[in-house]
Ligand SMILES: [Zn+2]
């Protein structure tokens, strides 16, 4: 198991990696992403698994006939955020292939079809909408909206898909969804809960409600030297105060608020900005808390805009309610894994999208000693990764044979 795992890990560890930071830049439909897709297809072929690509570009490696239905699907994603870590996504895909190997090595003939999936465009780093591949699959992201999304260079998803030889008209809900009986995603933990509990592997209970909101602050471009301080309409000031307000509101409310992306026009050193466009990523334990957080941040930004003589528009780019993973499945798997702890997360995942679409879903988390994610510092010890593979193998074995025992009942 160790050799296969390590081999897969080494095969992709340089793909899309920055020589300066060691972080990863693996955005959907770029060369790095295509290389990873080829790697995925190769791993499927090596195992004699039939690699199929759905309407939206998600890759499915099948062991058994998907038409039989009630499949056990394992997997995650291979794309990254800008300068992301090595584990977020790939750990789940590699562990899924390793779990298939483990079940085969044990000589078990599964009673249900099994698939490993690579969900395309999970991070939304290029087009702004996270989990685009799984949301298109379930129909929660309308294809016409997806096609019109644009990357930072102004290319639409429609044009990008054409350029890589895909038909954008194909996007949309895919019947492969109906073949999934259970989905389990293994993921590096994006916090320190498991560190504090002294456990290598845990299960996910729920994903917090979360959303992305575009704040556009508009003011008046002017000369940095000749414009008196009290004669300015500087959107940078309104923006700066909004960042501080968001941070404070989130801290006081036990939520999370982050401005991590900003665009400034004209972005000149000696010019007052004309416009600042910034994205708020907000997350909270309950839908009402999230709504209240965003409302309060916007209110304070509006008040400040009034004083600065700037204007503000806020657009919701995506919003997702609370996701609870299947409690019975989760409890059962926790039991099989020696009473593994069940912990919540503030991060979104394809597993959440599938769960919201009614698929019985569970998540496994692997301890991350740095507690850091979406950064080159993201880490998991090799032994913990192997413990994750072992847990996933066990889970796959249990799930794939469970239908068997049920089928034998009269
Ligand atoms: Zn992820």
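Run residue 130 past the list (1) part of a loop (DSSP other than H, G, I, E, B); (2) at pLDDT 95 or above; (3) closer than 15 Å to residue 349 by Cβ and report the number of the one that doesn't hold.
All conditions are met except number (2).
Give 136, 141, 177, 203 a once-over and let me know the one that is crowded, with 20+ Cβ neighbours inside 10 Å, in a helix (DSSP H, G or I) and on the phi < 0 side of the Ramachandran plot.
Of 136, 141, 177, 203, the one residue that is crowded, with 20+ Cβ neighbours inside 10 Å, in a helix (DSSP H, G or I) and on the phi < 0 side of the Ramachandran plot is 136.
Checking the conditions here, which among 146, 125, 106, 163 is more than 16 Å from the ligand (Cβ to nearest atom) and either surrounded by 24 or more Cβ atoms within 10 Å (Cβ to Cβ) or within 23 Å of residue 262 (Cα to Cα) (or both)?
Checking each option against the conditions leaves just 146.
Say we look at region 348-362 and pick out the residues that are in a loop (DSSP other than H, G, I, E, B) and within 15 Å of the ligand (Cβ to nearest atom); which of these is surrounded by the fewest Cβ atoms within 10 Å (Cβ to Cβ)?
Result: 348.
Any idea which of 312, 333 is farther than 26 Å from residue 120 by Cα, in contact with a helix residue (DSSP H, G or I) (Cβ under 6 Å, 6 or more places away or on another chain), more than 16 Å from the ligand (Cβ to nearest atom) and part of a helix (DSSP H, G or I)?
After ruling out the rest, the residue left standing is 333.
Please determine, by comparing only the residues of region 206-223 that are modelled with pLDDT of 95 or more and outside any strand (DSSP E or B), which one is surrounded by the most Cβ atoms within 10 Å (Cβ to Cβ).
Per the stated criteria, the residue is 219.
Taking region 336-347 on its own, how many of its residues are within 14 Å of the ligand (Cβ to nearest atom) and either touching a helix residue (DSSP H, G or I) at 6+ places or on another chain (Cβ under 8 Å) or outside any strand (DSSP E or B) (or both)?
2
Which count do you get for residues in region 368-402 that are out of contact with any helix residue (DSSP H, G or I) (no Cβ under 8 Å at 6 or more places or on another chain) and closer than 16 Å to residue 185 by Cβ?
Total satisfying the criteria: 3.
Listed here are the residues, each with its yes/no results for (1) more than 21 Å from residue 152 (Cβ to Cβ); (2) buried (at least 23 other Cβ atoms within 10 Å of the Cβ); (3) out of contact with any helix residue (DSSP H, G or I) (no Cβ under 6 Å at 6 or more places or on another chain).
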| site | (1), (2), (3) |
| --- | --- |
| 18 | no, no, yes |
| 28 | no, yes, yes |
| 39 | yes, no, no |
| 48 | yes, no, yes |
| 77 | no, yes, yes |
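Residue check: is residue 195 within 21 Å of the chain's Cα centre (by Cα) and touching a residue at least 24 places away in the same chain (Cβ under 8 Å)?
No: the conditions fail for residue 195.
The values are calculated or read from the model by the stated rules, or taken from the named source; none is laboratory data. These figures come from a predicted structure and were not determined experimentally. Cβ: placed from backbone, ideal geometry, glycine included. Neighbour counts: every protein chain shown.
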